[in-house]
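The values are calculated or read from the model by the stated rules, or taken from the named source; none is laboratory data. Here the structure is a predicted model, which means the values were calculated and not measured. Please note: Cβ atoms are built from the backbone with ideal geometry, for glycine as well, and neighbour counts cover all protein chains shown. Ligands, DNA and RNA are stripped out before the accessible areas are found, and what is left, the full protein with its side chains, is counted by its heavy atoms. Shrake-Rupley method; radii C 1.70, N 1.55, O 1.52, S 1.80 Å.
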Amino acid sequence: MKKNFTEIVLYIARFCMSIIYFFIKLFTRQKNKITMLSRQSDNINIDFSLLKEELESLAKNECDFKEKEKTINTSSGNNNSGNNRNLEIKILCRRIPKGLCGKIKYCFYIIKCMYHISTSKICIIDGYNIAISALKHKKNLEIIQIWHAAGAIKKFGYQVLDKKEGRSSTVAKIMRMHANYTCVTCTSEETRKIYSEAFNTDIEKVKVLGMPRIDYILGKNNEINKNIEEIYKEYPKLKEKKTILYVPTFRKDKEIDINRIINAVNAKKYNLIIRLHPLDKTKIEEEYIVDKKYSTSDLIKLADYVITDYSAIAFETATLNKPLFFYVYDIKKYADNRGLNINLMKEMNSSTKENIEDIIEIIENNTYDYKSLEQFKNKYVQTADTNNTERIVKYIMTALA
């Protein structure tokens, strides 16, 4: 009964959205405008920030070139110059809030998003977006999915429909999950196959263009070094010893057993930082936390060793060639409930362990297998360079032309 009620509510919601959007489209026109939408956080993420910076730089350079061209043409009697793009960039980031009042307000925010989608030539998203997927858009709207992770160890999207940690296939159908994408960016040919399945989209639409934050991690923008200096200033004890960073993936309706790793790490020899998923409710003692104003990308740059399980942070860490470990104490159960795209026990056997003590032993004895890490990086992060943002922006500008 509850399931049927939910389905009816979703059908009604989508119908109402469609009616509102029909009139928004009717009374608006597209401009030279790029809209970026995210519900991963309430703040502008590093990917959107880098794309905006590169787009503005490219647009400015083009305008400067056209101004010079105009001067030359005018002096020669030819006044047939190009027009300024007048490129407009709009970024909207907001997580779905808790509580009925917050969700009602979010409905009005979605209407705001509809307006910006309708008046844009290109929309860029980094996750599932209700308005983007559920509605019918103007024919020439380009929708680019850059996703919020550099790859996918665990299965997601259409790969996990009707599984314990996945969406209902009925809900996915009603809300047209991951529909309407004209391009999906990824970091490798191997990831391309995974994304094609997860987004239920033609593999031709999935393009190996990279991910902007890889540029940031590899130091194209010196801002990350400034952030690390700030972390050291705020947490001076991190300079005294080597640092182990633990970044477990989110487990639905289950707390992370962090005591195992806390007990295994020798506090006299190592700093331990624990960074949980934003939705995780596991309680951690203050001494293991670094303020969330510093991103996980900052923390992996600072860390000497990174331990995760099924999180995509593994791909970002691999680009830095830092010792990367997979602590998978529940791998059999997790594989049954969720499913994995990568066989970690096979591809990263030497650094994938079910016991945390085995990982600490490798760290202590300095016997890490860098060869396996290099193979992992070459297979899943073929865009491990500082040209990711540039490649994506070139694609965007081609689509905008």
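Before moving on, here are some points about what is shown:
- Total residues in the stretch 252-287, condition open to solvent by less than 40 Å² (accessible area, probe 1.4 Å) and of a type in the set (Gly, Ala, Ser): 1
- Number of residues in the stretch 179-200 that are out of contact with any Gly (no Cβ under 8 Å at 6 or more places or on another chain) and part of a loop (DSSP other than H, G, I, E, B): the value is 4.
- Residue that is nearest to residue 86 (Cα to Cα), among those in the stretch 354-378 that are surrounded by 16 or more Cβ atoms within 10 Å (Cβ to Cβ) and under 26 Å from the mean Cα position of the chain (by Cα): 377
- Any chance residue 149 is closer than 20 Å to residue 46 by Cβ and open to solvent by less than 40 Å² (accessible area, probe 1.4 Å): yes
- Test: residue in the stretch 281-290 that is touching a helix residue (DSSP H, G or I) at 6+ places or on another chain (Cβ under 6 Å) and at pLDDT 95 or above: no
Per-residue answers, yes or no, for (1) assigned to a loop (DSSP other than H, G, I, E, B); (2) out of contact with any Asp or Glu (no Cβ under 7 Å at 6 or more places or on another chain); (3) modelled with pLDDT of 95 or more; (4) not aliphatic (A, V, I, L, M):
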position: 149; (1), (2), (3), (4): yes, yes, yes, no
position: 152; (1), (2), (3), (4): yes, yes, yes, no
position: 158; (1), (2), (3), (4): no, no, yes, yes
position: 164; (1), (2), (3), (4): yes, yes, no, yes
position: 167; (1), (2), (3), (4): yes, yes, no, yes
position: 172; (1), (2), (3), (4): no, yes, yes, no
position: 177; (1), (2), (3), (4): yes, yes, yes, no
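- Residue-level check: of (1) under 30 Å from residue 13 (Cα atoms); (2) part of a helix (DSSP H, G or I); (3) at pLDDT below 95, residue 59 misses just (1).
One line per residue, one yes/no per condition, for (1) closer than 30 Å to residue 269 by Cα; (2) at pLDDT 95 or above; (3) open to solvent by 50 Å² or more (accessible area, probe 1.4 Å):
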{"position": "206", "(1), (2), (3)": "no, yes, no"}
{"position": "210", "(1), (2), (3)": "no, yes, no"}
{"position": "220", "(1), (2), (3)": "no, no, yes"}
{"position": "223", "(1), (2), (3)": "yes, no, yes"}
{"position": "228", "(1), (2), (3)": "yes, no, no"}
{"position": "237", "(1), (2), (3)": "yes, no, yes"}
{"position": "241", "(1), (2), (3)": "yes, yes, yes"}
{"position": "244", "(1), (2), (3)": "yes, yes, no"}
{"position": "250", "(1), (2), (3)": "yes, no, yes"}
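- Every pair of residues 6+ apart whose Cβ atoms lie under 7 Å, when the first sits in the stretch 10-35 and is among the hydroxyl-bearing types (Ser, Thr, Tyr) while the second is open to solvent by 40 Å² or more (accessible area, probe 1.4 Å) and outside any loop (DSSP other than H, G, I, E, B): 28/115; 35/90
- Subset tally (residues that are more than 26 Å from residue 140 (Cβ to Cβ) and either part of a helix (DSSP H, G or I) or open to solvent by less than 50 Å² (accessible area, probe 1.4 Å) (or both)) for the stretch 13-49: 5
- Test for residue 10: is it out of contact with any Cys (no Cβ under 7 Å at 6 or more places or on another chain), of a type in the set (A, V, I, L, M) and within 23 Å of residue 389 (Cα to Cα): no
- Within the stretch 67-92, no residue satisfies the criterion of being open to solvent by 90 Å² or more (accessible area, probe 1.4 Å) and at pLDDT 95 or above.
- Checked against (1) surrounded by fewer than 20 Cβ atoms within 10 Å (Cβ to Cβ); (2) closer than 20 Å to residue 263 by Cα; (3) in contact with a Phe, Trp or Tyr (Cβ under 8 Å, 6 or more places away or on another chain), residue 325 meets all criteria but (1).
- Under the condition of being open to solvent by 50 Å² or more (accessible area, probe 1.4 Å), charged (D, E, K, R) and more than 18 Å from residue 382 (Cβ to Cβ), the residues counted in the stretch 153-203 number 9.
- Candidate set from the stretch 116-141 (those that are among the charged types (D, E, K, R) and in contact (Cβ under 8 Å) with a residue 24 or more places away in the chain); member that is nearest to residue 401 (Cα to Cα): 121
- Any hit, the stretch 106-126, residues being at pLDDT below 95, small (Gly, Ala, Ser) and either open to solvent by less than 30 Å² (accessible area, probe 1.4 Å) or assigned to a helix (DSSP H, G or I) (or both): no
- Checking each residue in the stretch 93-105 for being exposed (fewer than 15 other Cβ atoms within 10 Å of the Cβ) and either closer than 26 Å to residue 198 by Cβ or under 21 Å from the mean Cα position of the chain (by Cα) (or both) picks out 96, 97.
- Only one of the numbered conditions (1) buried (at least 16 other Cβ atoms within 10 Å of the Cβ); (2) of a type in the set (Gly, Ala, Ser); (3) under 24 Å from residue 257 (Cα atoms); (4) in contact with a helix residue (DSSP H, G or I) (Cβ under 6 Å, 6 or more places away or on another chain) is violated by residue 318, and that is (3).
- Evaluated against (1) open to solvent by less than 40 Å² (accessible area, probe 1.4 Å); (2) closer than 28 Å to residue 166 by Cβ; (3) in contact with a helix residue (DSSP H, G or I) (Cβ under 7 Å, 6 or more places away or on another chain), residue 331 falls short on exactly one condition, (3).
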